[in-house]
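See structure below.
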């Protein structure tokens, strides 16, 4: 996807203050993303609110969190993990307005902090639009004018769109309105090429190794004349040893004058342990996602 946004990331890399979009095209898709989003919030001592599609029973929502057990039950009992609905959120108001929803989210964020949590995160299935008979244009206004909810606030939100229900035009506009786009499932690898840069996000392991190698080879081919390539790995949540060696092998066999690899400190340490000192044209740059 040449035109993909830079902010395509795995759900594991979401931070407080992120406003992300996810999309799915079948009823089973995205379950692992919601579960990972939930468990990450609980681990970070944040309050988590799940607004599932109205047609999904609450019992099924709990089942979708994968590993029910004492931890899940405890979080549910103490109110750290809540399954709700947009209808309940804006109650007693019946008609959706951006202002009412913004007000309630601000209130819930403050309540989470008052309860001793580090912040609030919400996972919102956008089927609530049909359930409340809301105007899609009004929903789009809310999505594209919600910056104040995230600025200097410990609030994180994922808006999940069923691509079978929303038009292509709406989906395109909403992808542009959200600063972050989530990968559709755990274990996925996303690649994007721009001038002199190949960006990879997600997981580079045995399942995605061929895709990883192919992206690197394409990046090298695209920049053969310039002789310079930047490999941005800052969007990876996992890099296997095998993929690390593949990267170093390709760097060692190319004729480029300069290859910069941008990655998180953990990945940088892994790469340096492989002793890349024999590659003078390789620069490893440590970056951190703010």
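Name the residue, out of 59, 134, that is over 27 Å from residue 15 (Cβ atoms) and modelled with pLDDT of 95 or more. Spell out how you get there, then give the answer.
Details: 59 fails: modelled with pLDDT of 95 or more.
When all the criteria are applied, what remains is 134.
Among residues belonging to the stretch 26-54 that are in a loop (DSSP other than H, G, I, E, B) and modelled with pLDDT of 90 or more, point out the one that is surrounded by the most Cβ atoms within 10 Å (Cβ to Cβ).
In the first step, residues of the stretch 26-54 are kept if they are in a loop (DSSP other than H, G, I, E, B); the result is 26-30, 44-46, 52-54.
Pick out the ones that are also modelled with pLDDT of 90 or more and you get 44-46, 52-54.
On the way: 44: 16, 45: 11, 46: 19, 52: 22, 53: 19, 54: 16.
It comes out as 52.
Any residue that is at pLDDT 90 or above and in a helix (DSSP H, G or I) - is there at least one of those in the stretch 252-261?
Initially, the stretch 252-261 is screened for residues at pLDDT 90 or above, giving 252-261.
Adding the requirement that they be in a helix (DSSP H, G or I) leaves 252-253.
Yes: the stretch 252-261 contains one or more residues that are at pLDDT 90 or above and in a helix (DSSP H, G or I).
Starting from residues that are surrounded by fewer than 17 Cβ atoms within 10 Å (Cβ to Cβ) and touching a strand residue (DSSP E or B) at 6+ places or on another chain (Cβ under 6 Å), keep the ones in the stretch 176-187 and report whichever is farthest from residue 86 (Cα to Cα).
Restricting to residues being surrounded by fewer than 17 Cβ atoms within 10 Å (Cβ to Cβ) and touching a strand residue (DSSP E or B) at 6+ places or on another chain (Cβ under 6 Å), the top hit is 187.
Before we move on, is residue 229 assigned to a helix (DSSP H, G or I), modelled with pLDDT of 95 or more and surrounded by 15 or more Cβ atoms within 10 Å (Cβ to Cβ)?
On the way: assigned to a helix (DSSP H, G or I): no; modelled with pLDDT of 95 or more: yes; surrounded by 15 or more Cβ atoms within 10 Å (Cβ to Cβ): yes.
Considered against the rule, which asks whether it is assigned to a helix (DSSP H, G or I), modelled with pLDDT of 95 or more and surrounded by 15 or more Cβ atoms within 10 Å (Cβ to Cβ), residue 229 comes out as no.
So in the stretch 12-25, with the set limited to residues that are in contact with a strand residue (DSSP E or B) (Cβ under 6 Å, 6 or more places away or on another chain) and over 23 Å from residue 172 (Cα atoms), which one is modelled with the highest pLDDT?
Going through the qualifying residues, I end up with 16.
The values are calculated or read from the model by the stated rules, or taken from the named source; none is laboratory data. All values derive from a computational prediction rather than experimental measurement. Note: ideal-geometry Cβ built from the backbone for every residue, glycine included; neighbour counts use all protein chains shown.
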